[in-house]
1. If you take the square roots of the eigenvalues of the alpha-carbon gyration tensor of region 113-234 and sort them as a ≥ b ≥ c, do you get rounded (a/c under 1.5), prolate (a/b over b/c) or oblate?
2. Where only protein heavy atoms count, and the probe is 1.4 Å, what is the accessible area per residue for the chain in Å²?
3. Find how much the distance from ASP215 to GLU432 grows on full extension, using 0.36 nm per residue of separation minus their present alpha carbon separation; answer in nm with one decimal.
4. Using the Cα gyration tensor of region 1-92, with a ≥ b ≥ c the square roots of its eigenvalues, what is the shape: rounded (a/c below 1.5), prolate (a/b larger than b/c) or oblate (neither)?
5. Can you work out the PRE-style zone for GLU492? Point 7 Å along Cα to Cβ, and I want the residues of region 414-436 with backbone N under 14 Å.
6. Let me know the number of lysine pairs in region 150-301 closer than 28 Å at the Cα, not counting same-chain pairs under 8 apart.
7. Tell me the label only: which of [x] 70, 66, 41; [y] 69, 59, 41; [z] 90, 59, 44 is Cα extents along the principal axes in Å as calculated from this structure?
8. If you take the charge dipole of region 358-490 about its Cα centre, with +1 on Lys and Arg Cβ and -1 on Asp and Glu Cβ, which of ALA474, ILE419, MET449 is farthest toward its positive end?
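The values are calculated or read from the model by the stated rules, or taken from the named source; none is laboratory data. Everything numeric in this text was worked out from a predicted model, so none of it was measured. Methodologically, a virtual Cβ is constructed for each residue, glycine included, from the backbone with ideal geometry; neighbour enumeration extends over all protein chains shown. For accessibility, only protein heavy atoms count, side chains too; no ligands or nucleic acids. Shrake-Rupley method; radii C 1.70, N 1.55, O 1.52, S 1.80 Å.
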Amino acid sequence: MGRETVIVLDFGGQYNQLVARRVRECNVYCEIYSYRTDIGKIREMKPKGIILTGGPNSCYEEGAPSCTRELFELGIPVLGLCYGAQLMQHVLGGKVERAAVKEYGKTEVYVEPSSPLFQGIESPTVCWMSHNDYISGAAPGFSICAHTDNCPVAAAENREKQLYAIQFHPEVLHTVKGKEILSNFVYGVCRCSGDWRMDSFVEDSIREIREKVGDGRVLCALSGGVDSSVAAVLLSKAVGKQLTCVFVDHGLLRKNEGDEVEAVFGPSGAYDLNFIRVNARQRYYKKLAGVEEPEAKRKIIGEEFIRVFEEEAKKIGAVDFLVQGTIYPDVVESGLGGESAVIKSHHNVGGLPDYVDFKEIIEPLRDLFKDEVRKVGLELGIPEYLVFRQPFPGPGLGVRIVGEVTEDKVRIVQDADAIYREEIAKAGLDQEIDQYFAALTNMRSVGVMGDERTYDYAVALRAVRTVDFMTAEAAEIPFAVLQRVMVRIINEVRGVNRVVYDLTSKPPGTIEFE
C-alpha cells in the first residue's frame, strides 16, 4: 500500500464499517478485509496496525470464525474488539466462556490510565457493551487494564507484543471516549503519522487519473447526486474536455430534479463540461414492469445504466473509460469487502452486468465514506448547497417504491416527497435532519374522502439523524409538522389516503426502504 494503513479484519460484526470510519477520523487510512484473508497477503500489505471486529459467534464453538497464532506473531500491533478480543485471548491461551450476567448498552468501565490505550482518559468512563460471552481469564503474558462490575476483563494488554483486547465497542458514539481510545491505538501504539487528508487525496487523485487516462476519452455517469457530482468535477479538473458527462433521466428522480441537474451541469451551468441528457424514462418503466423483488430492481437499473452509457459512447465516438461515483459503503454493503452479508447490491457495484463495453471503469471515490466525499467536494470548490444536498440512492425512487414500479407510482412518491421536503424546510428542520424523504409502500387500505369509500396507497415518511450513515436514529419531528405534511399529501396527491411515519433505526432497518 502506498500510504500508511490500518486494516480491519471482519468477523461478521455489524459495526465493521464504523470501525474503519472512526480510524479515518484520526486521519489514518483504513480498509476492511475478511478474517479469511491469507496471512501472507496481510504480511505483504505491511499495515501499521490490525483491528479485529466484533461478531455474532462464540469463539470457542466448532466452526466459529477464527484465526491462527501467526496473526499475533507478525510484529504488527493488533487490537481486538468484543468478539475480536475474545478470539485473541482464546487463541493465545486465555479463557472465554458464557457470561453469568450479560452486558448490553452503556456501562461504566474502570480503566487503567497508565495503559497506552487509555492515556488521558479518566476512570471510570462510559462504554458500549454488547456481549453474551466474556473473558474469564486473560492469556499468558497479558495484564488486565480495565474491568466492570460484572466483567473482570473488560480490557487486557501485552505491551511487549503490542496486543490489546477490549470487550466493549469504542467505535460507537455511545462509548464516550471511543475516538480517543482508537486514536491512542493508531498513534500511540501503531505510531501512525496521520497522512490521510482530503487535500492530498485530491492532488494525488488528479495526478493518478491523468496518468491513467492519457489522451483517452472518458464518459462519466452523472446523476446529480453528491457522489457523482464530486466525481465529475474531479475528472473535469484532471482531463478537461476529454470528459463527457451523461445524465440519464430514468424517470426515477425527485420532482423536477432532472431540470435542476441540467441547470447546474448543462451548457448554462457553472462547469465547463460536455453534458448530455438522455431521456430514458419509458425504457426503464418497461424494464421494471412486473418486477417486485428489490435486488432484481437494483440489478435491472444497474444494467440499464451501463447499456445507456454504451449507446451514448458509440454516438460520440470511441470512449475508453467509464467514471462512476462509487463510494466505500457501496462496496462493503454489496458484499465486496469484509465478511458481512450482502445488504443490498448497489447499482454501480454488485448490480453491474458481467460484460461492460469499456476499457476500464474509473471509481475515484471508491475508497471514501460519504463525509469524506463531501470534504473532497469542498476542496474542489463545489458550492456547499450541492455538497451537502440530501443523499439520494443510485436506483432513485426505484427503491423508494415498495414492490412494482409504475409511472403512476412514481408520480405519487414524487409529489408526496416534494410536499414533505417543502414543509420540513418551512419548519427550519432541514439543517437538523441528516436525511428525510417520502416513500410509497405497497399497502393499500380503505379510507373515506368526501363521504366516499377510497382504497388507496399509504405513504411512509422517513427522517433520520446520523453522523456517518452507518447507524441512524429516527428524527423527532414535531407532531404539528407531521400533521401538516399528512393533510397536504392526502389533499394534494391523488391515490393516497394514509400517511405513516417510520420510527425504525439503523440497524435493524436500513435508511432506504429497499
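1. prolate
2. Details: 21600 Å² over 514 residues.
Spelled out: the 1.4 Å probe surface of the chain, per residue, equals 42 Å².
3. Details: separation 217, 0.36 × 217 = 78.12 nm, distance 4.51 nm.
My answer for the length gained is 73.6 nm.
4. Details: a/c = 2.01, a/b = 1.34, b/c = 1.50.
Because a/c hits 1.5 or more and a/b fails to exceed b/c, region 1-92 counts as oblate.
5. 414-427, by backbone N distance to the label point.
6. Going through region 150-301 pair by pair, I get 12.
7. [x]
8. Result: MET449.
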